[in-house]
Each structure stands twice: as structure tokens, then as C-alpha cells.
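The values are calculated or read from the model by the stated rules, or taken from the named source; none is laboratory data. As the structure is a computational prediction, the values presented were derived from the model and not from experiment. Because the Cβ atoms are built from the backbone with ideal geometry, glycine has one as well, and the counts that use them run over all protein chains shown.
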């Protein structure tokens, strides 16, 4: 009864406060990062202006105007240019929009120049950064961009037999008697867990294996326990895990706790949840030629190529990289989405960040691939 | 402003109704086997047992078998529903005034899917014919209960009064 | 006056005692579910009889001095019943218990639905006994649990129920396949199917050879340590370490083996793993 009265009084007080001190709507932010792009039909009287004009048209999805800024539009078909920039085959790029960019003239010599464009794409799964070095030439009084079209290889017509296993699930119904057997949830096990401090974020990384003989939809939750045994925070792995695990498949996971420090934490309680789901063993995606390198932005990355060995298009692929130290302990997990679709039998490059804190400590790594296909048969 | 206040009051009042304490339940797991009781289950069982009894009392007092579905299932729900239907047909109601329970868990299945309990209940039972009190007694009754887990709580699947444990 | 007062008091007390005694109905302590019985009454005139049970409530007019028949359908549910007789403002009552009749059904819980072979105490069976009217049979009874697979002798054990429940832990067999798990008592039987599946892969072996398009890698038949082939769909990870970098691919087992053609032109060291089990390594030279 006392609790009920307290709740009523607290609610009334909060309502009064809400009316007395309203929160003003914050202004809508403009460009998240980079410089504002010019409007449609902007000037192209300098190399940088030409690139910015092109990117402005791309942002506005005015393909006709963007195409008119190209210097090599006699060798770059318009449809190919639109596919290259705007995406196709239901790839992540088709769900993205150019949020902003930074441009810098790398060199200029007479009527030719090289301009670097750092583009920031806003996607359904977070920001994606793309860097292009664009050759810009002067034609008449205007500068125009030579678009570096990436030729997409054509997959030769062929029959690709697919006879990988597929699982369907029939569960017990609500009318079934008590005691009627049901199919059990899959058995999964967390095989490793490591807590690392990454700036102001406490990160839990590790691996989980599906020990069962059926596919599992897996999620990992972690609860931080403070020094006084109180629950500090709870988070899940969200998309930093390969959710659908086939039998005996291993996935890394990463759980971020922004604003928390290792020194605050006494213990971490882990919980792996697994659900029985229909699944297919197809497609098989090979990860080829993985190697460390330094990107054009000067960052350490793990890069390689993804090869879709099936006969169907993988619309969106996400790469998860697990980094191990010399003791085989997981020290970091990074992920990145590939914004192009994986065509059958066609290698597609990828690159994921290697944080500075791991440089020099990484002894080995392993890459796994999450995939999304629009049409699952 | 007025509407907001009224809505807030309604919400808090209904929330406090649901949050109201059920009958007092003392829970003993010292003789449990073969499986040991988890800490969370050890808190939930007396809570859900108390709520089941609270629901039973209200359902019988108001002839509302629809209330039984949340904390009763299987044979217990079937029998209690039949009991309420028989009450409605005869015009004779049973009212339970619950003075508390001493609950002892004695069988917890190895897979955690079933729990058998001994309940010593302190009850006041009134039998009314229409609005006339026909019988009243305060008794200590013994019950065997069988609970099984549902999505987020435990349900009573069997509830039988017995002369002794 | 001195003699009359004590006598009057004694009379009043005796009458009160008689009246109290007359409040209690003569009822059996316990009856079996579904068994009718009769309640003797004394006096004359009509009265109202109430019977209140766990799933039954009735009210009817009866004649005092005659037996009140409690019919079998009225006492089907086990539990405590109240019998109340009201006449002219006075009430007599009593209670009795109904206990379960003979066992008629088993509720059988069997876990898990899938279990790796060779697990000690991994199969759990719990049985609850009920009579025809879904009352828990509390009397001790012997329930037989049997776990049997094709081509293997059945394992059986009898367990006595306690308060209607019996439970058992049994070992899974050494051969993969469906096992029949049965709980039985006096002609009442409930059966469940437990799928016994292969354990973790054991002695994972690969062979690798150059092919026109790269390196063809194939596992030997993937089996567990008891010789059971692992389930189709079990993922095997092939890893190739070459000058161009590391290449990995997760391939599901099909008909006991997994194979892949890695498009690697140069020399490479190929290794294999499944879950947390590692296999052998094979070195392959570059293309000629």
C-alpha cells in the first residue's frame, strides 16, 4: 500500500516537472562528418569542385547530372556507373546514402589532377567509409571526373548443383498433452571469454561453439557485476556474432559496454541463448588470401577476398575477424560489412580494422562470414 | 494536463493492484532432490504459488474460471474450472480466506521440468448459498502440488488436498 | 433450590454436548475416487444437503432419517470434501477425503530429445501416475523404464513411485540411431524416442592434392571415437596457409566426408578442424 502511494506521488511530481521544464527539440544535425556537399548543378571550375559536384549529385541521386560530370562517359555506360555507385543485386549499397565526404587534391599538373575523396556512407547497419582516388581532367573550361569503373566479371552460364543439407523444424503444438516430447534447444557452449579495455569502452570478446547436431540461432548476453555484487549493466552481442551456427561451427562474439572500466568490474556473468531454427548449409563462402596491410588511410587492416561458392547471389555479407595472441587467447573481434553483393564464383574484396591496441600482439586470426540472402529457398 | 493526470493515476493504481502481495508463503528446500534448486527458481516458486492461490480464491469468489489460466494448467485447471461451473449451477459458492502457506519442495526432476511440493495451508473456508453463510471453518489443510515451468513463471498442474504427507 | 440448580446445570451441559455431537455427520475418513457411499442421518423432516469438493458442488433436498446417497460421479476428483446438512437453522457438517483409484495413465517426461552416444546418466525419465480421473496416485507403485535400440539389448530398471512420481537416469548407447524409451506399469505404457547422435569428430584426417583449379582437399570419413559417422551438415573448417595469405572455408559434411577445391596456385599448408577438434596438416607444392 505504501509503495502504491509512493508511486502515485512520484508520477504526479514527474508530470508536473515535465510541464514546467519542457525539453526543446534539438535541431536536426546536418552532415554527420566531412564537409557539406554542394547542391545540384554546382560549379566545376576546379578539380576539387568537380569532384564535389559529382558527389553532390550522387548524394541527391541525380544520376543524369552526375553522369554529365564524367569525362569518360563514352567508355562508361550510364547503367554501369549507376550500379557501381548506387549498388545492385540488393547489396548493402542499395540501402545506403552518401552522408558526406572530404576531398583533397593530391596533385595537379596542367589540365590533369588527382583528387582523393573520402566518402561516408550511411547504411542500415551503420556507417561505411570508402576512399577513391579520382583522376580529374579539364575539358573546355570545366573539370570533369574520369570515373574508375570496376568491371564486374560476368559469371558464365552454368548449372551449379546444390545438395547441401537443409534443416526444417516441427515443434510440438499447444494442444499436445503434457509429457509429449518436444525437440530440445541446441546445445551451445562459450569456449572462451576475455575482457579488454578499449579506450572508454569495456569490451568482452570470445568464441562460442554449437556442440549439437542441429543448427542454432545464438545470442550472447553479458552482465557486468560491480565490486558490491550489484548489476552494473547488461548488453548483448547484437550483430557482432554469427547468429546462425551449423553443427560444430564456431563464431566469435563481441559485447561492448561504453563508459565502463575494468577497474569497476568484479565479475562478468555470461549467458548463451540458443534457439532451434530452420537453416541451410548453403551457401559456402570461402575467405581467401587473408593478410594484414596498411590501408590508404594509414590504418592497419585485415584484408582478403570472399568467394561465394554457391550458385545464388549473397546480397549482404558481414565479415567477422577474430584475433588471437601467442597463447591462442582471443584479444579482439572486429567486423565489417561488404557493401557489394557476392556474386556466384566471383571473388569480392573485404577489409576490416585492426585496432592499434592489437598491433604487435596478434599471432593469428580467423575470419568468418555472416550472410543475408533476399530469397531463401 | 487533466487527462494526463487522470491517465497517470489510473496506470499507477492498476499497476499497484497487480503488484499487491499475495498470501504469505514460507518456502523450504532443505529436503529437495534429485536436483538442487536454483536461486532464481527458489524465489519464483513461492511467488507463483502464492499468486496461484490468490487467483484461485478470487476465481471461486467471483465465479471467474477465466482467471485461472495464468497460474493453473492441465488437470488442476480442468478440475478448478469444473468446480466453478458446478458452483454456478448450484448457486453455492466457496470463499477462501488465505492465512498463509508453509511450502516444502521434495521432488525436483533432474531436467528441471517438474517440481512436486507439500503445502500446509492455513485457510478459512466459507460456504455460501446465495448470500447466506452455510458453513465456516478455519482449518490447516495439506496439499500436494505439481508445478511446471511456463514462459516466465511456474504454473500449478496438479493441486490435491491430502489427509497427510 | 440448592439441589435444583446443579441438576439444571447438568441437564443444560448434557443437552449442549448432545447438540454438539449432533453437529458432526458420520462420514468415512477416505473413499476411493469414483466410489459412491451412503451417509446415515437421524431425525425427521426435510433438510438441505450440500456437498462441496475440489471440482464439484451440489445442493439438494433430503429426508432426515434416510440415507443420503453420494453418487460415484460426485466424488471423482481427489481431495477434501465438505458435507453439510442444514435443517431448521441448525447445521451438521463433516469432511472426508477422496483418494486416487487404481493407476490408469502415465505422464512421461523424457529428456533430452537428442543425446550424444556414450553419455553416462544423460537420459532422464520422469513418470507421474494418474487414475482415470486425473488424480495423482500416491500409493507406491513400480514403474519400469526401458531404453532400447536396434541391434542392442535393452536396458531396463524398475523404480518405485513416491507421491506419484518416479524418475531415472540412464546411459545413452554406443551406437547412433533412434532409441525407444518406455515407461510402463501394469499394461499402461508410454513411449518416447531419443535420438542418439554421434559425438565430436575423432581422428580428423585430410588428404590434399593439386587439381587444375587449385588444391582439392577431402576428409576421410568423419567419425566419432565410437566409429559413428557424424551427422550430415556438421561443419569442417579447412585452412590453407600460403604466401598469398591465409584462406579458410567452412564446409558441411555430406555423406560422411567434406571436400573443397581451394583456388590457391602456390604452395600451401592445409589443416582441418571441426568444432574444437583439430585434424592433421598436409603440405602441397605449387602448380607446375
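Can you give me the ranges of the strands (runs of 3 or more DSSP E) entirely in region A:107-211 with at least 1 residues that are touching a strand residue (DSSP E or B) at 6+ places or on another chain (Cβ under 7 Å) and within 12 Å of another protein chain (Cβ to nearest Cβ)? Lay out the reasoning, then the answer.
Values: elements: A:112-123, A:126-139, A:142-146, A:188-198, A:201-210.
It comes to A:188-198, A:201-210.
Within region A:298-323, how many residues turn out to be over 16 Å from residue A:336 (Cα atoms), more than 9 Å from chain C (Cβ to nearest Cβ) and either in contact with a strand residue (DSSP E or B) (Cβ under 8 Å, 6 or more places away or on another chain) or in a strand (DSSP E or B) (or both)?
Residues meeting the conditions: 5.
Among the listed residues A:326, A:295, identify the single one that is more than 26 Å from residue A:224 (Cα to Cα), out of contact with any strand residue (DSSP E or B) (no Cβ under 7 Å at 6 or more places or on another chain), touching a residue at least 12 places away in the same chain (Cβ under 8 Å) and more than 13 Å from chain C (Cβ to nearest Cβ).
A:326
Considering only region B:131-145, how many residues are more than 7 Å from chain C (Cβ to nearest Cβ) and touching a strand residue (DSSP E or B) at 6+ places or on another chain (Cβ under 8 Å)?
9
Give, as residue ranges, the strands (runs of 3 or more DSSP E) completely inside region C:154-214 that count at least 2 residues that are facing another protein chain (nearest Cβ under 10 Å).
Output list reads C:165-170, C:177-185, C:188-197.
Output the number of residues of region C:239-266 satisfying the condition of being free of Cβ contacts under 8 Å to residues at least 40 places away in the same chain and facing chain A (nearest Cβ under 9 Å).
Filtering region C:239-266 for residues free of Cβ contacts under 8 Å to residues at least 40 places away in the same chain gives C:239-257, C:266.
Pick out the ones that are also facing chain A (nearest Cβ under 9 Å) and you get C:239-240, C:242, C:244-254.
Total meeting the criteria: 14.
Take the residues of region A:1-17 that are at the interface with chain B (Cβ under 9 Å from one of its Cβ atoms) and under 22 Å from residue B:22 (Cβ atoms): which is modelled with the lowest pLDDT?
Filtering region A:1-17 for residues that are at the interface with chain B (Cβ under 9 Å from one of its Cβ atoms) and under 22 Å from residue B:22 (Cβ atoms), the one modelled with the lowest pLDDT comes out as A:1.
Which one is farthest from the other protein chains (Cβ to nearest Cβ), of the residues in region C:73-91 that are in a strand (DSSP E or B), buried (at least 20 other Cβ atoms within 10 Å of the Cβ) and touching a helix residue (DSSP H, G or I) at 6+ places or on another chain (Cβ under 9 Å)?
Selected residue: C:81.
So, of the residues in region C:103-129 that are at pLDDT 95 or above and in a loop (DSSP other than H, G, I, E, B), which turns out to be nearest to the other protein chains (Cβ to nearest Cβ)?
The extreme case among them is C:104.
Test residue A:286 against the criterion of being free of Cβ contacts under 8 Å to residues at least 40 places away in the same chain, outside the structural domain of residue A:117 (by TED's automatic domain parsing) and under 20 Å from the mean Cα position of the chain (by Cα), and give yes or no.
yes
Of the residues that sit in region A:199-257 and are touching a residue at least 40 places away in the same chain (Cβ under 8 Å) and under 13 Å from residue A:267 (Cα atoms), which one is surrounded by the most Cβ atoms within 10 Å (Cβ to Cβ)?
A:202
Against the definition (in contact with a helix residue (DSSP H, G or I) (Cβ under 7 Å, 6 or more places away or on another chain), in a helix (DSSP H, G or I), without any contact (Cβ under 8 Å) to a residue 60 or more places away in the chain and within 30 Å of residue C:126 (Cβ to Cβ)), how does residue B:59 come out, yes or no?
Here the answer is yes, as residue B:59 does meet what is asked.
I'm told residue C:248 meets every condition in (1) buried (at least 18 other Cβ atoms within 10 Å of the Cβ); (2) more than 30 Å from residue C:155 (Cβ to Cβ); (3) under 42 Å from the mean Cα position of the chain (by Cα) except one. Can you identify the failing condition by its number?
For residue C:248, the failing item is (3).
Taking the conditions exactly as written (part of a loop (DSSP other than H, G, I, E, B) and either within 18 Å of residue C:246 (Cα to Cα) or away from chain C (no Cβ under 14 Å) (or both)), does residue A:334 satisfy them or not?
Considered against the rule, which asks whether it is part of a loop (DSSP other than H, G, I, E, B) and either within 18 Å of residue C:246 (Cα to Cα) or away from chain C (no Cβ under 14 Å) (or both), residue A:334 comes out as no.
Look through C:271, C:226, C:231 and report the one residue that is more than 10 Å from chain A (Cβ to nearest Cβ) and either buried (at least 20 other Cβ atoms within 10 Å of the Cβ) or not in a loop (DSSP other than H, G, I, E, B) (or both).
None of the other options fit; the residue is C:271.
Which of the residues belonging to region C:130-140 are in contact with a strand residue (DSSP E or B) (Cβ under 6 Å, 6 or more places away or on another chain) and either surrounded by fewer than 20 Cβ atoms within 10 Å (Cβ to Cβ) or not in a loop (DSSP other than H, G, I, E, B) (or both)?
Answer for region C:130-140, where residues must be in contact with a strand residue (DSSP E or B) (Cβ under 6 Å, 6 or more places away or on another chain) and either surrounded by fewer than 20 Cβ atoms within 10 Å (Cβ to Cβ) or not in a loop (DSSP other than H, G, I, E, B) (or both): C:130, C:136, C:140.
So, of the residues in region C:141-151 that are in a loop (DSSP other than H, G, I, E, B) and loosely packed, with under 14 Cβ neighbours inside 10 Å, which turns out to be modelled with the highest pLDDT?
Among residues in region C:141-151 that are in a loop (DSSP other than H, G, I, E, B) and loosely packed, with under 14 Cβ neighbours inside 10 Å, the one modelled with the highest pLDDT is C:150.
What do you reckon, is residue A:193 in contact with a helix residue (DSSP H, G or I) (Cβ under 8 Å, 6 or more places away or on another chain) and on the phi < 0 side of the Ramachandran plot?
On the way: in contact with a helix residue (DSSP H, G or I) (Cβ under 8 Å, 6 or more places away or on another chain): no; on the phi < 0 side of the Ramachandran plot: yes.
Considered against the rule, which asks whether it is in contact with a helix residue (DSSP H, G or I) (Cβ under 8 Å, 6 or more places away or on another chain) and on the phi < 0 side of the Ramachandran plot, residue A:193 comes out as no.
For region C:47-71, what are the residues that are out of contact with any helix residue (DSSP H, G or I) (no Cβ under 6 Å at 6 or more places or on another chain), farther than 15 Å from residue C:37 by Cβ and assigned to a loop (DSSP other than H, G, I, E, B)?
Answer for region C:47-71, where residues must be out of contact with any helix residue (DSSP H, G or I) (no Cβ under 6 Å at 6 or more places or on another chain), farther than 15 Å from residue C:37 by Cβ and assigned to a loop (DSSP other than H, G, I, E, B): C:64, C:65.
Among the residues of region A:258-283 satisfying the criterion of being facing another protein chain (nearest Cβ under 10 Å) and either without any contact (Cβ under 8 Å) to a residue 12 or more places away in the chain or not in a strand (DSSP E or B) (or both), which is nearest to residue A:133 (Cα to Cα)?
A:282
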